[in-house]
Structure formats: structure tokens, C-alpha cells
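Engineer: Can you read through this structure? Questions will come right after.
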Amino acid sequence: MSGTELSPAASPGGTEPAGTPVTVRALVARGSGAELRVEQVRLPAPGPGEVRVTIRAAGVCHSDLSMVNGTLAARFPLVLGHEATGVVAAVGPGSRLAVGTPVVLNWAPACRACWWCRRGEPWLCAATTAPTVPRGETDDGVPLHLTLGLGALAEAVVVPERAVIPIPAGLPPEQAALLGCAVLTGVGAVRNTARVAPGESVAVVGLGGVGLALISAARRAGATTILAIDVAEAKRDLALAAGATDFLLSDDRLSKEVRARTESRGVDHAFECVGRAATIRAAWRLTRRGGAVTVVGMGAKDDMVSLGALDIFHSARTLRSSVYGSSDPDREVPVLAAELAEGALDLRVLVSGTISLEEAPTAFDRLARGEGARWVVTLD
Ligand SMILES: [Zn+2]
Ligand SMILES: [Zn+2]
């Protein structure tokens, strides 16, 4: 922090183009496993190439939970949240964006210059590897860190302008927020990574926001057998509403049930949306010879997956991951936003409820218990 004096009148909803430092409310974790609290945090004025975005809605994603429960290595104090929509409230010098522009936040903004960006794989950009990025400070002067460079469970964020994607005005904020993580990831896994074709069979293991978004994308891609799999029976109605043809409980009968629905072969595509060795192995076993397993869930680095060498050869399966839906958010979020505006994309089934920032800790508890799809914090 520069030590810039804060203006007491500065408001996160202000629209001064030059920008000033602001104090906003944000959901903060002070350590791994610590109680989540809404705190006042100080954000710097947007510098060159940066913007401040007033957040209108932000989803609570499983990766936020992984930041606070120790699955991912995070630095603290940490502002949570990385899936959000809002409006540009202030811009730094030289910004191409206009104040008032509605945007979706991008947690993997591409540098457009590294080897991966130049070969058209911006989701693997070498510049976006840190799970937490330092920026701003707490009200008591401790340097603050932001989840995936955003820290979007807050009244406002200050981010590089390449981390925001303009969208049309008037979209329902609680649905538009999901475009930046769950929907882009789920849709991209189907369209870009696995390239699911009409008539193919799909299994989706783990029915959180990403898994459910993936089911509707598989439906739209023309998959005719879509098996939705979870440990919680409570996900059945959500899965069927999202477009699954069957809901199956993840128990010892699972392989048999999947084979009964795929002429004894197994599915063409299995998507693992949990991020655990056990569910990756389950997805592997549900896939037909020559089929593909796509790992979408982000797991822990010490959770080792064990596969038989003969099985790898004999099954001829492909095992790969889908990072951010193998997508270019700058190109694909506007397409999804247009589909949402036209009604071709309906995300209502993904939104389990809207809550206030103060209620956000309860959404983390619900997520940990596997309840619902997405809980979305809305701010006015
Ligand atoms: Zn996420
Ligand atoms: Zn890059």
C-alpha cells in the first residue's frame, strides 16, 4: 500500500473516473480453518491499466472453500470469491473501459504474450498461476491477499482491466455472476475439452455448480444419455432439472447401473467435478474402452491417483484435465452472455438462492455439506 489517505466520503458505488482508494466490506478468512467474517478492507485507487468494479453479485464456489479448508495453499488474510459480475466504477490512467460498463470477472486473465497465449491456449497462461495475489490491506493495516487475484466476495474489487469482460446490460446479476466460473468451466469442458458430439453418452461425477452447468451443456451438445452421479440423494431433482437423463447414487452398485444404461460398455465421456483421487478413479471405471475422462475438479497436490499399468494400456482411455473449460474467457463469456440474454441459456436451476454478504459464511457451510447448487451473494 502507498499509504494514500482515504477519503471518508469515498464510496464503492462512486463513479469518479480517476479513482481514489476506497474502504469496502469484504468476506475475509484470517487463516486456514478460521471463522469467516465480513470486514472493512482498503483497496488502492486503480493504477495504470486497472479498474475498480462495484460488485453486484458473486457466487460461492468450491474453490473458495478449498482456499479456507487447506486443500489449496492460500495466503492470509484472504478476501474470498472469484465468480462475480458488477459495473466498472472507476478506471486508472489509460484504461479503454468506460465507467458504467457491466462486466464479468475473469480469474485467469491472459497476458497474450507468453508461449501458451501465443499458441491459443490462454487458459494455461504462464502469468496466472498464483492462487492468491497480494493487494490492499485490512482495516488494521495488515497486507491483504485476494482469491485468484479477484477477492470478489466484496462490495468492490480493484483488478487489471484484462480481468474484466464487458457484457450486455440488463442480465440477471445472480445468473451473470456464474458465467465467470461455474458456467464457463462446465460449458467449456463439454464444448472445448471433451467436444461431446450428438448421440454420445456422458457421466458427470459431482453435482455442484460446475457439474450441473456441465449437464445442461451436455444436453445442449446433443448427448442422449446423461448420467448424473453424486453421493447426495438431495441432488436428484436438481440434476434432472438441469437436463440429466438419470440420477445415480455413488455407491457400490454404480458401475453396474452405468453399464446397464450404456449397453454394457461404459460412457463415452466421464467428467469428474470433485477433485479427489477416489472420484477420478470412479470416473475412469465408468468410461468405455477408448473413451475419455475429463477432470474438472481441482484437488489437493498430495491426493495421489493410482491406475493399473495394464488397465491404462488395455482400456485405451484418455485421462485429461479441463482448466477453466479450456476456454478463452474474453471470447466465450460474451457468447454465453448473449445466450443468457436470448434465453438460450437458462441458469435459474444453478442458483439455489441469493443471500447477503453477511450470510455468505452459511453458504460455505452448505457447500461443505453438499447442499444445493450455487449460493449467490447479491449487493446493491
Ligand atoms: Zn470457481
Ligand atoms: Zn500468457
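The values are calculated or read from the model by the stated rules, or taken from the named source; none is laboratory data. Everything quoted here is computed from the prediction, not taken from an experiment. Neighbour counts run over all protein chains shown; Cβ positions are idealised from the backbone, glycine included. Quick note on the areas: whole protein, heavy atoms, side chains included, nothing else; ligands and nucleic acids left out. Shrake-Rupley method; radii C 1.70, N 1.55, O 1.52, S 1.80 Å.
Engineer: Please determine, in degrees from 0 to 90 and to the nearest 10, the orientation of helix 329-342 with respect to the longest principal axis defined by the Cα atoms of the chain, where the helix direction is its Cα long axis.
Structural biologist: Once rounded, the angle reads 80 degrees.
Engineer: Can you give me the accessible area per residue for the chain, using a 1.4 Å probe, in Å²?
Structural biologist: Here the residues of the chain average 42 Å² of exposed surface.
Engineer: How large are Rg and Dmax for segment 267-380 when only the alpha carbon atoms are used, in Å?
Structural biologist: 18.0, 57
Engineer: How much solvent-accessible surface does residue 347 expose, in Å² to the nearest 10, with a 1.4 Å probe and all protein chains in place?
Structural biologist: 10
Engineer: So for each of 355-364, 254-263 I average, over its residues, the number of other beta carbons within 10 Å; can you give me the resulting order with the highest mean first?
Structural biologist: Descending mean neighbour count gives 355-364, 254-263.
Engineer: Now for a separate question. Round to a whole number: what % of the accessible area of segment 238-285 belongs to carbon and sulfur, probe 1.4 Å?
Structural biologist: 47
Engineer: Residue 50 accessible area, nearest 10 Å², 1.4 Å probe?
Structural biologist: Answer for residue 50: close to 30 Å² accessible.
Engineer: May I pose another question? What shape does the chain have by the C-alpha gyration tensor, where a ≥ b ≥ c are the square roots of the eigenvalues, rounded means a/c under 1.5, and otherwise prolate means a/b greater than b/c and oblate the rest?
Structural biologist: Since a/c reaches 1.5 and a/b is larger than b/c, the shape of the chain is classed as prolate.
Engineer: Show 284, 375 ordered by accessible area, largest first, where the area counts protein heavy atoms only and the probe is 1.4 Å.
Structural biologist: 375, 284
Engineer: Moving to a separate point now. Tell me the accessible surface of residue 62 in square angstrom (1.4 angstrom probe, heavy atoms of protein chains only), to the nearest ten.
Structural biologist: 90
Engineer: Given segment 12-105 reduced to its alpha-carbon atoms as identical point scatterers, what log10 I(q)/I(0) does the Debye formula return at q = 0.11, 0.15, 0.18 Å⁻¹?
Structural biologist: With no solvent term, the Cα-only Debye profile gives -0.36, -0.65, -0.86.
Engineer: Moving on. In deg cm²/dmol and to the nearest 500, what is the mean residue ellipticity at 222 nm of the chain if only DSSP H runs of at least 4 residues count, each as -39500 (n - 2.57), divided by the residue total?
Structural biologist: -6000 deg cm²/dmol
Engineer: Between segment 105-166 and segment 168-225, what is the C-alpha centre distance in whole Å?
Structural biologist: Using only Cα atoms, the two centres lie 23 Å from each other.
Engineer: Could you put 64, 252 in order of accessible surface area, largest first, with the 1.4 Å probe and the full protein assembly present?
Structural biologist: Ranking 64, 252 by accessible area, largest first, yields 252, 64.
Engineer: Now, a different point. Of the peptides 303-311, 161-169, how do they stack up when ordered by the mean number of other Cβ atoms within 10 Å, highest first?
Structural biologist: For the peptides 303-311, 161-169, the packing ranking is 161-169, 303-311.
Engineer: Order the peptides 102-111, 51-60, 318-327 from the highest to the lowest mean number of other Cβ atoms within 10 Å of their residues.
Structural biologist: Ranked from most to least packed, the peptides come out as 51-60, 102-111, 318-327.
Engineer: At q = 0.11, 0.13 Å⁻¹, what log₁₀ I(q)/I(0) does segment 128-211 have when each alpha carbon counts as one equal point scatterer in the Debye sum?
Structural biologist: -0.47, -0.62
Engineer: Oh, and also: What's the center-to-center distance, using Cα atoms, between segment 296-342 and segment 18-39 in Å?
Structural biologist: Using only Cα atoms to place each centre, the spacing works out to 31 Å.
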